[in-house]
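Participant: One structure follows; several queries about it will come next.
The values are calculated or read from the model by the stated rules, or taken from the named source; none is laboratory data. Given the structure is predicted, the values throughout are model-derived calculations rather than measurements. Every residue, glycine among them, receives a Cβ derived from its backbone with ideal geometry; neighbour counts consider all protein chains shown. Note: accessible area is taken over every heavy atom of the protein model, side chains too, but ligands, DNA and RNA are not part of it. Shrake-Rupley method; radii C 1.70, N 1.55, O 1.52, S 1.80 Å.
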Amino acid sequence: MNKKMINGSIFSTIMIAICGGYLSLIYIVGPLAWDDGAITFSFARTLSKTGLFALTPESTIVEGTSSLLFTFILSIIYSTHDFSFNVMISIGQMASLTFLIFSALYIYFKLKEFSFSVLERSALSSAFALLPMHIAEVLNGMEMTLFGFLLIVYAGEYKKNGYAPLVLIPLILLTRFESIFYLVSALSFLSLLGLFHGSPRKPLLHLSTTLLTFLLISFVRYGYFDSLLPNTIIAKLNAKYSGEGITEILKKILGLTEFIAVNSAYLFAITYSIFLVGVKKIIGRTEIILSAAFLLFAVIAGNVSGYDGRLYVGALPLLTISAICCLSYTVNNVVQHLQMRQQRLFRFSIVTVLFMFPMNAELLYEQLTLAGKAIRYNKIRLNQSSSEKQLAYSKMWLGVSPENTRITGETVLFVASELKLDTIKFMVPDVGGLGLCCETITVVDSALLTNPVLAKAGYTFFPQHLEIESPDIIQTHGIWSEVTGIYNVEIFQKNYVPVIVNSDFFYIREDHIRYLLNKNDPNIKYISTSKYISTSDAVGNRGLYADIDIDFLLKNHESIPVIGALQFWGQ
């Protein structure tokens, strides 16, 4: 066996081990990560089955997912077979993993230009693949690893002559809406550099292609969705997502500090090199210019929800190459001996990448904690004793995860069966797992992401929207009850009754309650609000903790109907 084959075997073994570790985590965590990922999976499943871009076949057509391209890719996979709920989530997570591995492979081969050995390149690309932000993104099954892969390939191919990188521009624009900012700002800067150096043709060609492609996508978007912006963007211009005055200024500052904090190791290497060798030597690198566009966007976008650095995961491949590139300039400027240069460059590079782990230790701890919780939950599911299983379920908080919203969705379908309804309209702010599990639910998203009417009109229109939609069931949750003001809406007070269904808390329309009571169903009974309040922690443990306004209940209701099983009441 020659040296080349041995080196190839070493790298392949390392990559297989990393994939094995990720697949093990995917198997363990399953549907217990972010519900946001399941929103994309739900749209992909509906698209594959009906050709409609909607959360469920019964819901509104809307661009309620954060990535068109990732949705299209998953819809192609889902169209091949009728996958189960858990398998669809695993497919999304594995798709995210696949693009992460593609980025790691690209970086491995890209590092050849720095004359690293196979072992050195393997170490650097492996450390990159295991960054805490990547672990979170894969377990959540999100599209940022796809975004990072497309950007690093585009940056690398841009330097070469030819039109191949132009093909990547539409794919980048379809992956994330804000990519238009990254590309236009970076290519505009490159065009200015080209004007000063007499060669602006290539960046101007790429810039014009970007703008024309974006216009075409916008034309199609408007024709199909009746909107020039994705609904997710419009939604985040509303209350809860955005602020005003000092709050908004603080949010912008926090966006910048977040970007600096999570990428501090890379940014230190880049800025130190600029300080030492000057900006002129490295300013032409496409990876560095695109990374700078992410930094600028962090100031414009401000602090966003999700784990720290989530919005900038796509920049990690760019920042990795940028940092190593800057370090090579620094080492070459300081160290004269060639062999010593290579040793120091690798040492500085691996330390820089590894230092990203302690700077994001909290996120890494969160992912390991999630895996531990998933192990405990999986043991419960395998428990043969139904009574012990139910007791454990009632005491386990599953967070806003696809598994939790699935439990809620199946409870809503139980109500639909009791009411003899083929479809049921459900107003709720957490919709991912719900949309993925339950095709016959018409989802009215009170958190706006998949609700085009309320996203455009704003929460001041909520009372009218509630009257127009007249949902069969409503679930209140967290901050969304405050921003909607639902407890103060007259139609809600008059027409909706608080109900416990299989230990989950809802508001059901009064005409449905009358129908159920007229059935004389022995499974329906009443409990007093005083008892309910004193034991409120026993309710919703299996599903989402409902945002129960105790004052509203005491003022408007003396008792609460219970439908189905009330498990472990008062324990």
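Participant: Suppose the chain between H197 and L215 were pulled fully straight at 0.36 nm per residue; how much longer would it get relative to their current alpha carbon spacing?
Facilitator: 3.5 nm
Participant: Okay, moving on. Starting from the Cα-Cα distance between T369 and E467, subtract it from 0.36 nm times their residue separation and give me the gain in nm to one decimal.
Facilitator: Between T369 and E467, full extension yields 31.1 nm more.
Participant: Can you grab the distance from the C-alpha centre of segment 198-234 to the C-alpha centre of segment 152-190, Å, no decimals?
Facilitator: 12 Å
Participant: Near K494, which aspartates and glutamates are there with a Cα under 20 Å away, not counting those fewer than 8 places off in the same chain?
Facilitator: E467, E469, D472, E482, E510, D511, D547, D549, D551, E558
Participant: Taking H as built 1.01 Å from N, whose amide H comes closer than 5 Å to the amide H of I61, not counting residues under 5 places away?
Facilitator: Residues meeting the amide H criterion: none.
Participant: For segment 161-236, which chymotrypsin sites (Phe, Trp or Tyr not before Pro) are both in a DSSP coil and crowded by at most 13 other Cβ atoms within 10 Å?
Facilitator: Of the chymotrypsin sites (Phe, Trp or Tyr not before Pro), the ones in loops of segment 161-236 whose Cβ has at most 13 other Cβ atoms within 10 Å are Y163.
Participant: Now, a different point. Straight-line reach from K110: which aspartates and glutamates fall under 16 Å, measuring Cα to Cα and dropping same-chain residues less than 8 apart?
Facilitator: Once the sequence-local aspartates and glutamates are set aside, what remains near K110 is E120, E157, E287.
Participant: Using a 1.4 Å probe on the protein heavy atoms only, what accessible surface does E113 show? Give it in Å² to the nearest 10.
Facilitator: 90 Å²
Participant: Here is the link list: K49/K373; K49/K425; K373/K420. Which ones come out longer than 27 Å on Cα distance?
Facilitator: Checking Cα-Cα distances, K49/K373; K373/K420 exceed 27 Å.
Participant: For the chain, with every protein chain kept in place, what is the accessible area per residue (1.4 Å probe, Å²)?
Facilitator: Using a 1.4 Å probe on heavy atoms only, each residue of the chain averages 43 Å².
Participant: Indicate the gyration tensor shape class of segment 154-193 (rounded, prolate or oblate), computed on the Cα atoms with a ≥ b ≥ c the square roots of the eigenvalues: a/c under 1.5 is rounded; otherwise a/b larger than b/c is prolate and the rest oblate.
Facilitator: oblate
Participant: Round to a whole number: what % of the accessible area of the chain belongs to carbon and sulfur, probe 1.4 Å?
Facilitator: 62 percent
Participant: Quick one: which residues, 5+ away or cross-chain, put their amide H under 5 Å from the amide H of L421? H built at 1.01 Å from N.
Facilitator: none
Participant: Which percent of Cα pairs goes in each bin when the distances of segment 21-82 are cut into 5 angstrom slices starting at zero?
Facilitator: For segment 21-82, the binned pair fractions read 4, 20, 25, 21, 19, 7, 4, 1 percent.
Participant: Sticking with this one: If you rank R176, R344 by how much accessible surface each has, with a 1.4 Å probe, what is the order from largest down?
Facilitator: These residues rank, largest area first, as R344, R176.
Participant: Taking the highest mean first, how do the peptides 25-36, 510-521, 312-323 order by number of other beta carbon atoms within 10 angstrom per residue?
Facilitator: Packing proxy ranking, top to bottom: 312-323, 25-36, 510-521.
Participant: Another question, then. With label points built 7 Å along Cα→Cβ from the Cα atoms of Y515 and K420, find their separation and express it in nm.
Facilitator: With each label point 7 Å from Cα toward Cβ, the separation is 0.8 nm.
Participant: How do R381, R285 stack up against each other in accessible area, from largest to smallest, with a 1.4 angstrom probe?
Facilitator: From most accessible down to least: R381, R285.
Participant: Once fully extended, how much extra length lies between T257 and I77, figured as 0.36 nm per residue of separation less the alpha-carbon to alpha-carbon distance?
Facilitator: 60.9 nm
Participant: Using Cα atoms only, what is the angle between the long axis of helix 3-29 and the major principal axis of the chain, expressed in degrees (0 to 90) to the nearest 10?
Facilitator: Helix 3-29 sits at roughly 20 degrees to that axis.
Participant: Among (1) 35.2; (2) 29.8; (3) 26.5, find the value of mean projected area of the Cα convex hull in nm² that was calculated from the structure presented, and write down its label.
Facilitator: Checking each listed value against the structure points to (2).
Participant: A follow-up question, please. Using a 1.4 Å probe on the protein heavy atoms only, what accessible surface does L554 show? Give it in Å² to the nearest 10.
Facilitator: Counting only protein heavy atoms, the figure is 100 Å².
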